[in-house]
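Novice: Sharing a structure below in C-alpha cells format, with a few things to ask.
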Amino acid sequence: MENQPAQPHRKIIHIDMDAFYASVEQRDNPEYRDKPLVVGGLPEGRGGVVATASYEARKFGIRSAMPSKQALQLCPHALFVRPRFDAYKEVSRCIREIFSRYTDLIEPLSLDEAYLDVTNDKLNIGSAIEIAQQIKQAIKDELQLTASAGVSVNKFVAKIASDINKPDGLKFIGPAAIEGFMEQLPVEKFFGVGKVTAQKMKNMGLHTGHDLKQLTEAELTKRFGKAGRFYFNIVRGIDNREVQPHRETKSLAAEDTFAYDLTTTEEMEAELDKIAATVCKRLQHYELKGRTVTLKIKYSDFKQITRNQSFPAGFNDLETISTTAKKLLAATDPEDKRIRLLGISLSNFGEITVKGKDEKPTDQLRLFPF
C-alpha cells in the first residue's frame, strides 16, 4: 500500500487588539493620551471593576478584573471612564470588515479578538505572516489602533503567540518549533488551566509543558479528567479544532454591579428594568428570541444564586423579560437583603416547530450573526 501524501498544515492567525477599550478612548479623546487610563467601574462608593487599562496604567500593576478601588490605590492619578460599548462594537465591526478581505473563515471570540483561517486566502497571498502584517497595518492606517498577531498551524499555538510581543506584536511559531515551544510553556498558560488547576499541577511537580509531557494520556486523564487528553495532545502540538465562522449563541445577557448595595425591592426592580432594556435591545438587534429567562443575583457577601423560568414560545419584548425577572426576584424574598449585582440573560434560542402527531418536536437553533 502506497504512503498517503502528508496533509498540508493549516494557516491560522489569532488577532488580539491591544488594550482595546482603553485604546479606543485614547484615540477618541486626546486628553486621555499618554496617561494611565482605566475603563470600567468607577472607584467611588463601593467601586466597580476594571474592564481594561491602558499600557500607561499597566505599568503600575493595574489589570483587568481588578477592583477599581485597588487600581486607584496603585495609581492615584489614574483617569477612570465608563465603557462605551456602542463605540467599541462599531470599531469591532470595522476590524472584522478588514479580516473579511482575506478570508471568510473568521471566528470572533469577543469584540477585540478573533481566529482567522487563511489556508486558502481570498487574495492568493499564500503567506500567513504577510497577511497578518497587512491586517495589522490596515487596522493602524484605517482605525488608528494597534493589534498583535500570532501565526501558527493551529488555534492554541496562534493564540499563545499573539500574546508574546504585545503591544503591536507579531509572532510566528512554525511546525518545527511547536513542540519545543510547548515544552517551555508554563502550565498556567495552557487552555483551561486556571489558578486552582495550575496550583494543583505545581503541587504535583508539573510546572511546564515538558513536565506534562512525561505523563501518559491515561495518567493525565486520571488526574485532570477530559482536559487531560487535551493536555496530552497540545503539548505535542496537536490541536485539530477548526476555525468556526458561525458559533451558536447559547445565551445573551447583561448585568450591573452597583456602587452601593441595593436594599429595597423598589431599587432592585428599577435596576432590573434598566438591565432588561439592555437585553431587549441586544436581542432585537440580532433578531433573536429566547424561551428561558435567568436572573442572576450576587449579594454583599459575594454569595451568588440564579433563578430561571422557561416558556413554550420564544420572545424578545421588554415587558416579558422585565416582568419575569421581577417575579424571579420576588421568589427569593429580597426585602432587606443587600444586593451588589443583578443580571438577566435569555437563552434557549430555539423555535419549536410543530410536527405531525407521529413526529417529535424539534428545536431549530438560530446562528448568531457576527
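Novice: So, of the residues in region 130-139 that are in contact (Cβ under 8 Å) with a residue 24 or more places away in the chain and over 22 Å from the mean Cα position of the chain (by Cα), which turns out to be nearest to Glu90 (Cα to Cα)? So that I can check it myself, show each step before the final result.
Specialist: To start, the set of residues in region 130-139 that are in contact (Cβ under 8 Å) with a residue 24 or more places away in the chain comprises 131-136, 138-139.
Now restrict to residues that are over 22 Å from the mean Cα position of the chain (by Cα): 131, 133-134, 138.
Numbers: Ile131: 23, Gln133: 22, Gln134: 21, Ala138: 16 Å.
Checked region 130-139; the qualifying residue nearest to Glu90 (Cα to Cα) is Ala138.
Novice: I'd like to check something: does region 149-157 contain any residue that is modelled with pLDDT of 95 or more and within 20 Å of Ala22 (Cα to Cα)?
Specialist: yes
Novice: Further question on the same structure: Return the residue satisfying two criteria in turn: it lies in region 51-88 and is under 17 Å from Asp16 (Cβ atoms) and of a type in the set (D, E, K, R), and of such residues it is modelled with the lowest pLDDT.
Specialist: Here the answer is Arg63.
Novice: Just to verify a result, which residue in region 146-196, among those that are of a type in the set (Lys, Arg) and in a helix (DSSP H, G or I), is nearest to Asn233 (Cα to Cα)? So that I can check it myself, show each step before the final result.
Specialist: First, the residues of region 146-196 that are of a type in the set (Lys, Arg): 155, 159, 166, 171, 189, 195.
Now restrict to residues that are in a helix (DSSP H, G or I): 155, 159, 189, 195.
Working: Lys155: 13, Lys159: 16, Lys189: 15, Lys195: 21 Å.
Checking each candidate, the answer is Lys155.
Novice: Moving on. Specify which of the listed residues (Ala114, Ala71, Ala51) is more than 21 Å from Ser148 (Cβ to Cβ), in contact (Cβ under 8 Å) with a residue 12 or more places away in the chain, touching a strand residue (DSSP E or B) at 6+ places or on another chain (Cβ under 6 Å) and of a type outside the set (Lys, Arg).
Specialist: Answer to the selection: Ala71.
Novice: Tell me which residues, restricted to region 237-251, are modelled with pLDDT of 85 or more and surrounded by 15 or more Cβ atoms within 10 Å (Cβ to Cβ).
Specialist: Asp239, Val243, Pro245
Novice: Follow-up. Looking for whichever is assigned to a strand (DSSP E or B), surrounded by 16 or more Cβ atoms within 10 Å (Cβ to Cβ), at pLDDT 90 or above and in the same structural domain as Thr265 (by TED's automatic domain parsing) here; the options are Ile321, Ile297, Ile305. Which one fits?
Specialist: Working: Ile321 fails: assigned to a strand (DSSP E or B); Ile305 fails: surrounded by 16 or more Cβ atoms within 10 Å (Cβ to Cβ).
Criteria check complete, one pass: Ile297.
Novice: Right, here's the next one. For region 221-260, name all the residues that are aromatic (Phe, Trp, Tyr) and farther than 20 Å from His210 by Cβ. Step through it out loud before you land on a result.
Specialist: Step one: filter region 221-260 for residues aromatic (Phe, Trp, Tyr), giving 224, 230-232, 258, 260.
Scanning region 221-260 gives Phe258, Tyr260.
Novice: Let me ask you something else. Do you know which of the residues in region 12-68 that are of a type in the set (Asp, Glu) and not in a strand (DSSP E or B) is nearest to Glu242 (Cα to Cα)? Break it down stepwise before answering.
Specialist: Quick first cut of region 12-68, residues of a type in the set (Asp, Glu) only: 16, 18, 25, 28, 31, 34, 44, 56.
When the remaining residues are screened for being not in a strand (DSSP E or B), the result is 18, 25, 28, 31, 34, 44, 56.
Values: Asp18: 25, Glu25: 34, Asp28: 36, Glu31: 43, Asp34: 39, Glu44: 45, Glu56: 36 Å.
Only one residue tops the list, namely Asp18.
Novice: Here's another thing I want to ask about it. Which of the residues spanning region 197-210 are part of a helix (DSSP H, G or I) and surrounded by 17 or more Cβ atoms within 10 Å (Cβ to Cβ)?
Specialist: Filtering region 197-210 down to residues part of a helix (DSSP H, G or I) leaves 197-203, 209-210.
Once the filter is applied, which keeps residues that are part of a helix (DSSP H, G or I) and surrounded by 17 or more Cβ atoms within 10 Å (Cβ to Cβ), region 197-210 yields Ala198, Met201, Gly209.
The values are calculated or read from the model by the stated rules, or taken from the named source; none is laboratory data. What you are looking at is a predicted structure, and each value in this text was computed from that prediction instead of being measured. Methodologically, a virtual Cβ is constructed for each residue, glycine included, from the backbone with ideal geometry; neighbour enumeration extends over all protein chains shown.
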